[in-house]
Amino acid sequence: MRRGFLPVIPMGLMLPVLLIILGLIVFVPVLAITISPELKLLFQIAAVIMIFNWVRNIVGPGMLTYAIAGVLIYIFVFVLPQFTLGVYIVWTIMGLGVFSMLFWGLTLFRMAG
């Protein structure tokens with residue numbers, strides 16, 4: 001009896017297939033904000049709030065917070081929004097532990113034979 005994570009894909013190709021799937025997971029939202037200005041605006045608003053809160057938690061309240069947050073917001077939200085969204089998606093996936101579940105599944109459900 002053959003067991004496997006995905007019995008259709010040989011075990012040697014499982015990691016490249018997972019990397020391709022991860023690339024698609026990152027690419028689809030990036031393509032969506034490139035095509036739709038409404039989604040881009042929604043992401044920019046959320047990113048501004050996240051970056052400002054992150055800087056305020058690290059630096060504390062004050063003028064230095066506004067200066068650092070302003071520079072980071074300009075670079076990551078207005079100049080590089082696609083890069084920022086891609087990094088945010090990968091960070092979220094890592095935070096949820098999806099990578100560890102995938103690799104655990106690869107080692108647990110090895111193809112027999």
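The values are calculated or read from the model by the stated rules, or taken from the named source; none is laboratory data. Just so it is clear, the model here is predicted, and its values are computed rather than measured. FYI the Cβ positions are ideal-geometry reconstructions off the backbone, even for glycines, and counts take in every protein chain you see.
Some observations on this one:
- Residues satisfying the stated conditions in the range 17-46, i.e. free of Cβ contacts under 8 Å to residues at least 60 places away in the same chain and in contact with a Leu (Cβ under 8 Å, 6 or more places away or on another chain): V17, V30, A32, I33, F43
- Residue within the range 88-99 that is out of contact with any Phe, Trp or Tyr (no Cβ under 6 Å at 6 or more places or on another chain), more than 30 Å from P16 (Cβ to Cβ), surrounded by 13 or more Cβ atoms within 10 Å (Cβ to Cβ) and modelled with pLDDT under 95 present: no
- Tally of residues being modelled with pLDDT under 90 and among the polar types (S, T, N, Q) across the range 16-54: 1
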